[in-house]
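Below is one structure, written out as structure tokens; comments come after it.
The values are calculated or read from the model by the stated rules, or taken from the named source; none is laboratory data. What you see is a predicted model; the values in this text were computed from it and never measured. Don't worry about glycine lacking a Cβ; one is built from the backbone with ideal geometry, like all the others, and counts go over all protein chains shown.
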Amino acid sequence: MRKIVALLFLLMLIGACSSSSNVAEDTQFVIPESETIYDESSPMPVMIGGMEAFYSNLRYPNASRDNNHQGRVLLDFVVSRDGIPANIEVRRSSGHRLLDQAAINALRQTRFEPGKIDGEAVAVCMIQPVIFRLQ
């Protein structure tokens, strides 16, 4: 039996919000247009529970595994002032819809310590790469 590995690069890049309106169609949370979204903060948002929290939410789709689908998904999103991922978009697709959706679903379930500016929580743009690889 093959060992299945879904790798997450915890390189959360700043200044990454896309200007497109390609928000995942069933996004659960969207930042209002009137709210300011920052490219950086100090501190930057941090995943509560670290990589393990994200990994625990990430599921390699059975159909993708059965068809040997692999790839890298790059997600744009905003961490809200409440630490909830919002405005999730696929910046770069893996080429497989199920893998892209699995990455989105895992991110939706992940919570963050929000970024702050002058001690006040703010919405911050982020990028999350996710690699799906069968081994």
**Item:** Residue match in the range 61-68 (condition: under 15 Å from the mean Cα position of the chain (by Cα) and crowded, with 16+ Cβ neighbours inside 10 Å)
**Value:** no
If we ask which residues in the range 37-56 are touching a helix residue (DSSP H, G or I) at 6+ places or on another chain (Cβ under 7 Å) and at pLDDT 95 or above, their number turns out to be 1
Filter the range 109-126 for residues that are in contact (Cβ under 8 Å) with a residue 12 or more places away in the chain and outside any strand (DSSP E or B); the one that is farthest from Met47 (Cα to Cα) is Gln109
Determine whether Ile127 is modelled with pLDDT of 95 or more and surrounded by 16 or more Cβ atoms within 10 Å (Cβ to Cβ).
yes
Restricted to the range 28-58 and to residues being out of contact with any Cys (no Cβ under 6 Å at 6 or more places or on another chain), among the charged types (D, E, K, R) and surrounded by 11 or more Cβ atoms within 10 Å (Cβ to Cβ), the residue nearest to Met126 (Cα to Cα) is Glu40
Those residues of the range 85-107 which are under 19 Å from Ala53 (Cβ atoms) and in contact with a helix residue (DSSP H, G or I) (Cβ under 8 Å, 6 or more places away or on another chain) amount to Pro85, Ile88, Ala102, Asn105, Ala106, Leu107
Of the conditions (1) touching a strand residue (DSSP E or B) at 6+ places or on another chain (Cβ under 7 Å); (2) of a type in the set (A, V, I, L, M, F, W, C); (3) surrounded by 15 or more Cβ atoms within 10 Å (Cβ to Cβ), the single one that Ile84 does not satisfy is (1)
Those residues of the range 26-62 which are among the polar types (S, T, N, Q) and either in contact with a strand residue (DSSP E or B) (Cβ under 7 Å, 6 or more places away or on another chain) or touching a residue at least 60 places away in the same chain (Cβ under 8 Å) (or both) amount to Thr27, Gln28, Thr36, Ser41, Ser42
Boolean, Phe77 is in contact with a helix residue (DSSP H, G or I) (Cβ under 8 Å, 6 or more places away or on another chain), part of a strand (DSSP E or B), aromatic (Phe, Trp, Tyr) and surrounded by 15 or more Cβ atoms within 10 Å (Cβ to Cβ): yes
